[in-house]
């Protein structure tokens, strides 16, 4: 059944797959977002609750923190007792920062979408979409992978907003790219161009 944009939504943006519901298990969501992002977000239940996407985002961040620490230790050939605490510290950090990051992006996107109280589908569907869109960040610990993951992540975030809010591509791109662009700008201002480029490449060592 065709899904038509609501007032201010910007038009028709695709068809819901009959009988399809996007899986929300970690492995299934990871594959769905990477390989079939539009199909995944089109079938995502907007009322499914915040717990699974929050845990998913925390899990992605946790994997990145732990694997980054292990890769750095292997590359430097330095195994010290600090590595024993990395999983515990990483779990605490991921449990707090993962959902908080997703909530911040969702709130910023809704500010872009709703400057004049135009209709949107609300915070929860946006939070759920961004929560699962963090699947793209699962490879950021791999050296040079961010050079591919960041641009692809911008496309995935746009697809997530387009399918979640039934928007035109242009409006969905603005809702996704303005918050993410602001985040990248903050990183650039805090680190400087050279360090930001090194962070983007994420070279080993």
Hits in the range 22-37 - residues which are more than 14 Å from the chain's Cα centre (by Cα) and either surrounded by 16 or more Cβ atoms within 10 Å (Cβ to Cβ) or assigned to a loop (DSSP other than H, G, I, E, B) (or both): 22, 23, 24, 25, 36
Residue 70 touching a residue at least 24 places away in the same chain (Cβ under 8 Å) and either surrounded by fewer than 17 Cβ atoms within 10 Å (Cβ to Cβ) or in a loop (DSSP other than H, G, I, E, B) (or both): no
Residue 42 being out of contact with any strand residue (DSSP E or B) (no Cβ under 9 Å at 6 or more places or on another chain) and either more than 15 Å from residue 139 (Cβ to Cβ) or modelled with pLDDT under 95 (or both): no
Listing of helices (runs of 4 or more DSSP H) fully contained in the range 82-172 that carry 2 or more residues being within 20 Å of residue 39 (Cα to Cα): 123-133, 146-165
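The values are calculated or read from the model by the stated rules, or taken from the named source; none is laboratory data. For clarity, every value in this text was computed on a predicted model and none was experimentally measured. Counting neighbours? That spans all protein chains shown, and the Cβs are built from the backbone with ideal geometry, glycine included.
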